[in-house]
Each structure stands twice: as structure tokens, then as C-alpha cells.
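**Q** Just dropping this structure here.
Each reported figure results from applying straightforward, stated rules to the coordinates on display, with no laboratory input. None of the values given here were measured: they were computed from a predicted structure. Don't worry about glycine lacking a Cβ; one is built from the backbone with ideal geometry, like all the others, and counts go over all protein chains shown.
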Amino acid sequence: MSPLVPLVMFGWIPAVLYLFKRFPAQWAVVISFIVAWQFLPQASYPLPGLPDYTKMSATCYGILLATLIYDVGRFQSFKFGWLDVPMLIWCFSPLASSLTNNLGLYDGLSASFGQIVQWGIPYFLGRIYLNNWAGLQKLAIGIFLGGLIYVPLCLYEIRMSPQLHAMVYGFAPTSFLMTIRYGGYRPMVFMRHGLTLGMWMMAATLIGIWLWRSGLLKKLWGIPISWLVAVLLITFVLVKSTGAYIYLFFGVAILFLTRWFRTTFPLLLLVVSISSYLFLGATGNFTGDMKNQLVSFLADVTTQERAESLEFRLDNEELLGDKARQRPIFGWGGWGRSRVYDYNWAGELVDVSITDSFWIIAFGTNGSIGLISIMAARLLPPACFCLRYPAHSWSNPKVAPSAVLAMVLTLYVVDGLLNAQANPVYTVINGGLAGLILNPVETSKRRSIRSSIPRRSLPQKKHLVGTVRDQGSQEEI
């Protein structure tokens, strides 16, 4: 491990404080999360009595400290609302799991504190900083810019192999064998896995497409936005992430169906489909013909290798689901108790399960209470956004960033049905959308937004180079 690792990790909190002095608060939050996620090392330092110190916990601590120093009144702006209840339950569900499994109060409090740092604080920061149109617009643009900045790094690793993390920080975050795909290399850059990078580039590409089509962005760095979106799309295809390809296809299809048919039904249908799959999986009813049909469908649209990978994951979920249903309310708690063990040929008790999916981890560890709470926390804001803001407003430059972020968040939940990729930037989106729904100022503007949108959006004859168009106002990037 390079000496640069501790220097960067422990120097990040002062760097966040500088960002708050240098930029407006909303931009400082966006830059802090995205830069940390994209460029800080995949390292962690154990702290006594506290969750491990990671790049994301450093970012959360840094923003909280900056808020105390520069913007303490921001805490007072938080008003607890009904959409916050699921996240609150999720953060404290480990306490109930530990107590019901006789693991002790200390174990429960420690696990809950870890849940708060990983989930609660990013959600809270999104709630208090990005709870309006302007904040979510900055977050959407920030993710798009982050994807563009990653383009040359991805192309380098596609050609030369994923080595940047090892070159800069002195160690590789995962096995090199995991980077080989389709006769070439699947890049990781500074992320833990190629799947994580694939989802991130998918989000940046989808956001870029929608911001371009809505007319919010015209030029960036003097380059037409259509060219930048094309470059990002080509790079995304080259990262070789099959699942992310499917998510982008469905994301683009749903957004344009919403635009053409002026209904939010497609996204609501996706939310309902996710909920139905979770119900069938948690109750043990997703077996037999349904599983075989899904595997066959994937084999037809992708490759046999991907279909076999899905079948393997579903088989493990069935095994883990049987174990989870033995403690259906609060789960098994931590320490690997939710996993399945059996004796091997030598008479040793070994772990025979593989947990790929986030939902089965949540269900096994924290039971149905944990699973319902985290999925409600993630799915309710996009669903409420669909119900509150009509489909014809989603192409409006003011609403478009929030609409595409609702789409990105829902696709991230879909990915959680197959993978377990923790990315706090999506949790920040979660908090921002919940804050938008609960924000009385933005709610009061809903009718004016609806009435101000023409039947057919006319192209703008004039725009400023390198600017963002927002309801007639201009904001420099």
C-alpha cells in the first residue's frame, strides 16, 4: 500500500472543509461525494468503537463538520416527514435484530451506528442540502460531469488493463481475474469492481441523454452536449457490463415513453414489479417455472454465460431465503448468522452460500422489517414523484434533472435484486428526492410548473455557451 493512501484518506476531511469555503454549499456537497467516490482509494481503517473509516465515511464526517462550522442553521431546516420513517427504521433495525438474537445491546448499537454512517448520513445530507430543484439539478450535472471525467481513464484501462488503482495507491481492490470479460478488459478505475463502474457510467450516460433531450444543457466546455453524450455512450458500451446495458435500455425507454404518451405509468409499473419480485422472493414463491422463464429470457437476449450466472444467483437466493424465513421478522443479525453452513467431506462446518444480491442480505440479516423499510425508503420517493409531477413536465428543464434521478434511483434498486453494490451517491439522490416531495416551498410551486409547460416544447433560439438553462435563468457551470 502506497503512503499516499493514508495521506489522501485522512486529508480528505480538510479538503471537504476547503470545498465548503470555495463553493456554494450545494455544489460543495455534490463535489465532495462524487470526487471521493471516483478517486479516493478502496481502503478502510478500523476505529475502536466506531465504523471503519472509509472514503465515504470521511466524506460524511467532513460535510457534517463543515456544516457545523459554516452552515449550522442548515440542521434547523430539517423537518422530519413521513417519507423519512422507512430510512429511520432501516438504520435502527440492526438493534432489534441483535436483541432478538441475544447478541447484546452493544452489538446492536454498534451495528446501528454503522448503518447510520453508511445509509442515514448520506440520506440526511441529501435531505437538507439537495431538497429542491436547484440542488437535484446540480447533483444530476455533477454525476454527468463525473462520467465524462472518467472517460479517458476507462479507455486507458480497456486498452492497458485495470491497473490505475494499483499504480496510484499500491494495491488492487479485487482479483485481476474479475476484470477479464468478452476477450478483453472490464475497467474498474478507482472503484471496487467492474460492475460498480458499469452502473456508475450507466447513470452518467442516462442523465446525459435526458439533460440533452430536455434542453437543459446545450454546450459544455465549448463542446456541443450531443457530442459529449455520444462519447460517454461509446465508452459505456466498451466497459462490458451486460446488466448495465439492460438498465440503460429500460431507463431510456421508460423516460421516452413517459414523454411521448404523457403518463408516468411505465416507471410506476417498474416500481410495482420490483415490489412484486421482492414479495415472491421473500415468501419463497419465486421458484420453478418463473425462475426458468427468467433464465431462458436472459439467455435469449444476452449470452448463455450470463444466463448461467443468473441461475446460480437465484439458486443461492433460494437457499438463503429458506434460512431467512426461519427468523422472518428481524432476521439473524450480523456475524454471518444468516448464511448457510454445512459439513464438507472432511467433517468441517463450512459456508456453502454466496450472497450476491442486496435484498437477500437485508432480508437475512434484518428480516422483513429491514427489507421492507429499506425498499420503501428507496422506492417511495420515485413513486411519489411520479404521482406528484405529471409526465408532460418531465421534459421541462426545471423538472428534468429530478425526473432522471428518480429513474436512476429505481434502476439502482433493480440492480440490488442481483448485486450488492453500496454507493452512497444513490442514497444522496434518495434523500434529495424525499426532501423535494416533503419541501413545502417546492410543493407550492407544483401548480405553477404544471401550468407553465407548453403543449409542445419549442427549441430555444438562443443559449449561452457553457451554461445551464433553468426556466429562463442562466447559471454558469
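**Q** Using θ = phi - 60° and the Karplus form 6.51 cos²θ - 1.76 cosθ + 1.60, what ³J(HN,Hα) does each residue of region 186-200 get, whole Hz, x for Gly and Pro?
**A** In residue order, the calculated couplings are 9, x, 10, 6, 10, 9, 6, 8, x, 5, 5, 5, x, 5, 5 Hz.
**Q** Could you give the nm distance between label points at Trp227 and Tyr343, where each point is 7 Å from its Cα heading toward the beta carbon?
**A** Going by the 7 Å Cα→Cβ label model, 7.0 nm.
**Q** Going through region 293-366, which trypsin sites (Lys or Arg not before Pro) have at most 16 other Cβ atoms within 10 Å and a DSSP loop state?
**A** In loop regions of region 293-366 (DSSP not H, G, I, E or B), the sparsely surrounded trypsin sites (Lys or Arg not before Pro) are Arg325, Arg337.
**Q** Next question. For region 190-235, state which chymotrypsin sites (Phe, Trp or Tyr not before Pro) are in a DSSP loop and have at most 16 other beta carbons lying within 10 Å of their beta carbon.
**A** Trp221
**Q** What distance in nm lies between label points placed 7 Å from Cα along the C-beta direction at Ala420 and Ser2?
**A** 3.0
**Q** Helix-only estimate, please: 222 nm mean residue ellipticity of the chain, summing -39500 (n - 2.57) across DSSP H runs of length 4 or more and dividing by its residues, to the nearest 500.
**A** That calculation yields -21000 deg cm²/dmol at 222 nm.
**Q** Please list, in chain and number order, the residues 5+ apart from Tyr341 or on another chain whose amide H is under 5 Å from its amide H, with Hs placed from the backbone.
**A** When sequence neighbours closer than 5 places are left aside, the close amide H contacts are Val352.
**Q** Additional query: Extension gain Leu68-Ser44, at 0.36 nm per residue separation less the Cα-Cα distance, in nm?
**A** Between Leu68 and Ser44, full extension yields an extra 6.1 nm.
**Q** Another question, then. If r is the Cβ-Cβ distance from Phe279 to Ile234 and R0 is 56 Å, what FRET efficiency results, to the nearest 0.05?
**A** E(calc), rounded to 0.05, equals 0.90.
**Q** Oh, and also: Amide H neighbours of Tyr53 under 5 Å, counting only residues 5+ apart in sequence or on other chains, H built in-plane at 1.01 Å?
**A** Tyr45, Leu47
**Q** Report the extension gain between Ile354 and Leu88 in nm, rounded to one decimal, defined as 0.36 nm multiplied by the number of residues separating them, less their alpha carbon distance.
**A** So the chain would gain 92.9 nm between Ile354 and Leu88.
**Q** Separate question: I'd like the FRET efficiency for Ser161 and Thr303, computed as 1/(1 + (r/R0)^6) with the beta carbon distance as r and R0 of 22 Å, rounded to 0.05.
**A** Plugging the Cβ-Cβ distance into 1/(1 + (r/R0)^6) gives 0.50.
**Q** So how much slack lies between Gln76 and Asp315, counting 0.36 nm per residue of separation and subtracting their Cα-Cα distance, in nm?
**A** Residue separation times 0.36 nm, minus the Cα-Cα distance, leaves 81.2 nm.
**Q** Could you state the number of Å between the C-alpha centres of region 181-253 and region 347-379?
**A** So the separation of the two Cα centres works out to 29 Å.
**Q** How long are the three semi-axes of the equivalent ellipsoid for the chain, computed from the Cα gyration tensor as the root of 5 times each eigenvalue, in whole Å, largest first?
**A** The equivalent ellipsoid of the chain has semi-axes of 34, 26, 25 Å.
**Q** Do you know the relative contact order of region 326-411, to the nearest whole percent, from alpha carbon pairs under 8 angstrom that are 6+ apart?
**A** 26
**Q** To continue, here is another question. So for region 28-117, averaging the separation of alpha carbon pairs under 8 Å that are six or more residues apart and normalising by length, what relative contact order in percent results?
**A** Here the relative contact order equals 25 percent.
**Q** Bin width 5 Å, origin at 0, all Cα-Cα pairs of region 71-184: what percent of pairs per bin?
**A** Bins of 5 Å from zero give 2, 9, 11, 12, 11, 12, 13, 14, 11, 5, 1 percent of pairs.
**Q** Just want to confirm a number: the relative contact order over region 148-242, from Cα pairs under 8 angstrom separated by 6+ residues, in percent.
**A** 31
**Q** Moving on. Are any of the pairs Lys79/Lys138; Lys138/Lys218; Lys55/Lys79; Lys218/Lys240; Lys219/Lys398; Lys218/Lys398 more than 20 Å apart by Cα-Cα distance, and if so, which?
**A** Listed pairs above 20 Å: Lys79/Lys138; Lys55/Lys79; Lys218/Lys240.
**Q** Within 10 Å of each candidate Cβ there may be at most 16 other Cβ atoms; applying that plus a DSSP loop requirement, which trypsin sites (Lys or Arg not before Pro) in region 136-206 survive?
**A** Arg192
**Q** Now a separate question. Output ³J(HN,Hα) for region 91-99: one whole-Hz value per residue in order, computed from phi by the Karplus curve 6.51 cos²θ - 1.76 cosθ + 1.60 with θ = phi - 60°, and x for Gly and Pro.
**A** 5, 9, 4, x, 5, 5, 5, 5, 5
**Q** Between Leu418 and residues 5 or more places away or on another chain, which pairs have amide H atoms under 5 Å apart, with H built 1.01 Å from N, and which residues are they?
**A** So Leu418 has HN proximity to Phe358.
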